[in-house]
Each structure stands twice: as structure tokens, then as C-alpha cells.
1. Cα centroids of the range 341-412 and the range 76-139: how far apart, whole angstrom?
2. Starting from the 7 Å offset along Cα-to-Cβ, what nm value, one decimal, do you get for the label separation of Tyr417 and Gln113?
3. Dipole size in debye (nearest 20) for the range 392-474 around its Cα centre, Lys and Arg Cβ +1, Asp and Glu Cβ -1?
4. Just name one of Ile352, Leu419, Ser408: the one whose Cα is farthest towards the positive end of the charge dipole of the range 338-464 (beta-carbon charges, Lys/Arg +1, Asp/Glu -1).
5. Quick check: pseudo-label points 7 Å beyond the Cα along Cα→Cβ at Asp64 and Asp192, how many nm apart are they?
6. Between Asp569 and Phe129, how many nm apart are label points set 7 Å from Cα along the C-beta direction?
7. Of the peptides 308-316, 57-65, 378-386, how do they stack up when ordered by the mean number of other Cβ atoms within 10 Å, highest first?
Amino acid sequence: MLATGKFTLVSFANRCRIRSVCRRLFQPSRNSSVQVDVDVSDLDVKHLTDFKKHLRVNKIPYKDGPTCLQLQCRLCEQNHTAYVNKRTGAFLCPGCDVLKPLPLAANLYEKGQQLNKADLTKEIYISQFNKPANVTQDVCDELRIPGLKVADLNALDAKYSSECNTLIFPLRNEGGIVTGEKSLHVSSKSEDVFQNSLRSGLLIYGPANKNKAILVSNLMDFLVLVMQRLENYCVICLPYMLKTLPQECLPRLERFKEIIFWFKLDSTGWDAPRTFSNKLDMKRCLLIRPTETEPSPLEAHKKRLNLRLIIQKATTISHKSIITFGALRNDILSELQNVEKVNGVKWKRFPILNKLLKGHRKGELTIITGPTGSGKTTFMSEYSLDLAVQGVSTLWGSFEIRNTRLASTLLRQYVGYSLENKLNEFDHWASKFEKHPLYFMTFHGQQQLKVVMEAIEHAQYVHDINHVIIDNLQFMMGISSAHRLDKFWEQDAVIAAFRSFATNRNVHVTLVMHPRKERDEDELTTSSVFGGAKATQEADNVLIIQDKRLTSVRGKKYLQIVKNRYTGDLGIMPLEFDKDALSYATSNKKKKDKDKDDKETIKVNTKDS
């Protein structure tokens, strides 16, 4: 769990204690409790302002960089360079491997004290591979990158595991400490990352005196650019491809005055440059937009294009408020050549949604409503799980249902059946499930808009959240700090805040809302959404769960798309519920039918024999 000042984020990552939470579902105890890990983040700007004032008063030199303050670390005896993230307040000393919240570090600075030696114990990374050897030319040839030599890989301290047929590259932090390794499977060209739990490093090629860099997402593109021996640029490979850029990586990027993004953009990372540029300071970021004449480095190398000429064509990322057609021209061409990728991430469990909505896109606002008890939360959990498994980093804000129950539902939908009677399988499935980018806010009951937005903005910065789900919107109304406000006006203010956040931060926001009280026999429409008309006017997509089972003998339940701003396509998707899997996915039903047919076939064959 990640505690951040007034709010807490919970993630299904290795740092969490979520397994103990889920065990309580199957072995409940009234006295059981969950330990909360203290995060290094603090959103209170006052801490940073006071700390800078203390540095000036005591004449402690510091440098105000694009993302961090740089100063001499006085928490240890080594006098390394420390970094303070200006957005989250994380105090990081890569040299002595310290990661602490700014209030604690500032308190020690003011008192002139140092951390205990126990807090300075470096977390030594242990390789996941058994006795890797040096790289040979045969391995280079198997990668099928024309011109790649052993010397190129030796310059990166790469090793080779013949047992796994895998290349291994060390990841280092700004202090030169190995924090993990990035592996490339030679046959499949797939990648894996192994890092220490609370640390993150980068793979950088080039001398320390260069102040320009090219940022790529995968090792194949990285190796192609390393081969070019670029005189003016360092080459950097992101640890987690386009999924996230951890704040622990930012100190290694502070020295660069110009950073060029050169990505092979897929549906999950189409808007990654915009997200990362907001984190790195947009003023120093440039972008090579993907077109047929300017593809990814690997594709350009195979087509024998001039990579240096493509780098010169990098353009600034558009100003957030003003833009011209000239600046949009390459974006338009890129979208026309990559229509399917622009459509967004496709659902695997709900193919009908792909036909109607075309995909899940960043920067949009979706509203889903339906009668009480119609399964809005259950459907949304599976809807979001489908996307999260594909790498869409998701933040859940469930004010109505506790995170333990929500996490249990997600896990059951992921597995496909209940684990209550199969506890021996829990560790296996929990280990697989926690690798997916799912985070939870620990709010419950009514909450103020300001507090919730602070939590969301923090999570978007630190974890590169792509999808935010609020269940439900009514829990953010009725406790305004001002005098009593009109409930419709208050709801409009909340809607406006989420609309602005979705657009400015390029994040998809889904709001679960209750409908107005309607007669049971009447179908819900866009005007049935509670509140004024602003909600449906601002939304890009409006989804309604229609439940006719209680008003008709043959009544069905289905999802109706009543607004689709992207393509205008409207329609319905039948919802057939699988109680064992808590699933509405047609793919699960087909799979169960197939398994049933296979079992019957086996029985028949047994009788015949």
C-alpha cells in the first residue's frame, strides 16, 4: 500500500501486502489487520517551499532542474548528489540508495542529523540468471539486426544465458548501482524486466558529457541506435517499455537539455509521448511521429533509411493551449496511416464493444449507469480487468465497495472460478494477477472533490495511470466545504473537474452514476442520468445497463451504447452472467461450452472402447 499524505493508494505490485488481504476473504478474522507501507510521496507543496527556504538560509547550494532539486546529500557520510522530486517530494540519493519522504529528510537537514546505518543498507540486486556468459557473434546474427557486432553488446555490459537463450542488460540508477536487468529473448524478441522492489534504473549508452538523448521503448530499437554511434546523442531504453516511467528514473535524465521520443507506437502507448513529456518537462521534449517515411529505428534500419536524417526531423510536442495546422500536419498523417492503433485498445472479452466503440482511448470521459443492483460494478470490474491485462494502467476509486471485496471480484474474474474451495491455488493466481497494473484508492463513503483529485493526479504522475474509474459519482457530493450548494450545480462542478482532467492529462475517466428514479417498465435514456444535462453533454461515451428481467417473463439484461462521440455508432450488447466466474464475457461462456463438449466426447469415447 502506498500512503500519500491524506490519502492512500493500494497497488497489485510486488511492494504490496495484498495477498494477506485476499486471504482474509477465505479465512476471515475479526482481529486481522493490514500493514500499511509508508510511501515516499507528499503532495503538500509547502514542504518543498520550506525546504528550499532552509537551503537558502543555511547557504546550502542546490540546482533547480527540470524535474528535481539537486543538492549534496547530508543524510550519509558519502556526500553523494541527492534529488528531490518537485512533484511528489520524494528525496532520493542514488549513491547511498536512500529513498525517503521529504518531510523526514528536511527534518534531518534542519537538525544536522544523519540516517541510521540500518537505513543506509543498500539493496543488492541478485541476477535472475545462472552464470551468464559473454556474448558471441552467433547470438548477434540470430537477432537479425544487420550490422550488429559483439563490440556493440560488450559496450552495454550485456551477457548471454544459453540456458534461456536470452540476452541480459544491467539497469543502473544515477549512482551507478545495478538495480535490475532487462532481458531480451533472442528467438521471440520478447522482453522481461527484473528490478529491486523499491528501485528502478535505466539502460543508457553514451558518455556523461552529452546533453541530448533519444528515448526508445524496446531493446531492438535501442540496439539499432547504439550501432549508429551517434556523436551528439545518448541512447536510452525505458525499463517498462511504454507502460510507465518510474520517478526513480528521473534523476538519470536530469542532465539532458533535449530528449527525443522515438517510439513504435501501438494501441496501448499511442499517447505515451504526451504523458512522459508532462513528467519530464515538455519544454525539453521532442517527438518523431510515426509515419511510413519515419518508422521505428528497427524498421528504418531494415528499410535502409537514413536514421540521422529522421532524427533531425524531430519536432516539439504541441503547446497545451495553442496549435496550428502546420503543427498538426504530421499528427494527421500519422493517424491516417495507423487508423487501427488510433482507435484504442481492443477488448478481448467484449468483441461487440470493439465493433461499436472501436476501442478504449485516452482523453475521453465515459459514463455508465443502470438500475440499482443491475451489476454496474461487477461489469465495470471485468471491463477494466480486460484492459489492465493488456497493459492499461488502471486506478479504481470505489467509494461504495471496499477494496478487499473489489479485489476479490477482479481476481475471481481473472481466474474464471471461485478460489474458496481451492486455496492451494491462491498463491499461483495471486502471483500472476499482481503483475498487472491495477491500483486502488482507499477512500470509502463520501469524499471531497479536492482530496480525490489530489490522489488521482498523484497516481497519474507516479504510476502513469491511463484509466480512472470512479464508483460512484454521488459519493463525491454533499460535503462541500462551502455553504450548502445546489446538488445539480455541485454535480456539474465534479463533472467539469473530471472532464478537464481527462483532456489535460490525457487519461480515460469512467464515471459510474445512479439514474433518476424511473418506472420499472420504462427504459433508461440519456435523460435518465441523475443530475443536470451537463454529465451526458460532457461525456464522450454513455453506456446504460438495461435490466428487464423484473418486468418481463422473458426479459433480458443488456448494455446499451446511447452516445459515442468517436464514431457515432450506437447499439446493444447482451449481458449473460456467469455466476461462477462473475463474468459477462461471451468468451467465457464459449470456453465453458467447449470444455463441456470435450468432457462429453471423452465419456462417449470411453463407453465405446
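Please treat every number below as a calculation from the coordinates, not as lab data. On a predicted model such as this, the values are computed, not experimentally measured, just so you know. Here the Cβ positions follow ideal geometry from the backbone for every residue, glycine too, while neighbour counts run over all protein chains shown.
1. 37
2. Simple spin-label model gives 5.6 nm for this pair.
3. Working: 7 positive and 9 negative charges, 31 e Å.
My answer is approximately 160 debye.
4. Checked the options; the winner is Ile352.
5. Each label point is offset 7 Å from its Cα along the Cβ direction, giving 4.6 nm.
6. Each label point is offset 7 Å from its Cα along the Cβ direction, giving 4.3 nm.
7. Values: 308-316: 14.4, 57-65: 11.0, 378-386: 22.7.
So the peptides 308-316, 57-65, 378-386, ranked by packing, come out 378-386, 308-316, 57-65.
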